[in-house]
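Here's the structure we're looking at; comments come further down.
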Amino acid sequence: MLVLVENHLFPRTAAFFDLDKTVIAKSSTLAFSRSFYQVGLINRRAVLRTAYAQFVYLVGGADHDQMEGMRKYLSELCRGWNVQQVREIVAETLHDLIDPIIYDEAASLIEEHHLAGRDVVIVSASGAEVVEPIGEMLGADHVIATRMIAKDGQYTGEIEHYVYGPAKAEAIASLAESEGYDLERCFAYSDSVTDIPMLEAVGHPYAVNPDRALRREAVAREWPVLTFNRPVRLHQRIGSLSMPPRPVLAMAAVGAAAATAGLVWYAARRRRPVLS
């Protein structure tokens, strides 16, 4: 699919962001464990176990076996939970729990990609009930996330689609086909070696706060390495910068494109990375 800008046709592009430790400073799923405890969905032992999992994840990253173990534990843990109750808890606590841990650098990068005319897609192994509200808060155009099976309004403990490892790359390819993205011109950002298939799927891969294994791969493949270390409340950041909401930004970008077609054409041809 091509986009027409001042009589020039350009392929559609997107920026794909892993969520945990790439856009936010913690695991999105584990961040809600205390809220689930307060309403009685999990017990104190489960809170301690998820806190330990969070510590391991943040300090050293999680390898394939640890991620699989976490997936199995969390899917069993949520068996029988009321789907609507989970969604309400996430909605009620989203800004208190997630807003303060969004990386300023990631928020800026998302803005840059939007202003450059690219879609922003959040791709996460966490559940859709958690990831979709976060994506909406960030202004993402699409969200790709793990989906749990529910029956009669309750989770069965089974997973319909686990967005992890190669499955992330497959989901990206599927979305690219439906949306008309040229993946060679697209960007991807992740912190984990398990997301190498996702990074390989695009022409502009970036390692963000990489674990040791991904850092080695990034150096070997000459992928840019970015460090995000400034968590900031999103609404405070927007207020401090006096930034208008995204629809206004989009209108401004369209107007600028119409007024400076030559510059837009040159930038589109060069397609330089947003950050170096």
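Laboratory data are not the source of any read-out in this text; all were calculated from the coordinates shown. Just so it is clear, the model here is predicted, and its values are computed rather than measured. Positions of Cβ are backbone-derived with ideal geometry, glycine not excepted, and every protein chain shown enters the neighbour counts.
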Final fewest-first order of ARG118, ARG233 on the 10 Å Cβ neighbour count is ARG233, ARG118
Counted neighbours (other Cβ, 10 Å), sorted fewest up, put ASP141, ASP96 in the order ASP96, ASP141
Amide H proximity to GLN154 below 5 Å, modelled H, separation 5+ or other chain, gives VAL83
Under the 7 Å Cα-to-Cβ spin-label approximation, VAL219 and ARG34 lie apart by a distance in nanometres of 3.7
Listed by chain and number, the residues whose amide H is under 5 Å from that of ALA145, excluding neighbours fewer than 5 places away on the same chain and using placed H, are SER124
In nm, the gap between the two label points placed 7 Å beyond Cα toward Cβ at GLN84 and GLN154 is 1.5
Simple spin-label estimate for ASP141/LYS72, 7 Å along Cα→Cβ, in nm, reads 3.9
In nanometres, the difference between 0.36 nm per residue of separation and the alpha-carbon distance of THR227 and HIS161 is 20.7 nm
A correct fewest-to-most ranking of VAL143, VAL208 by other Cβ atoms within 10 Å would be VAL143, VAL208
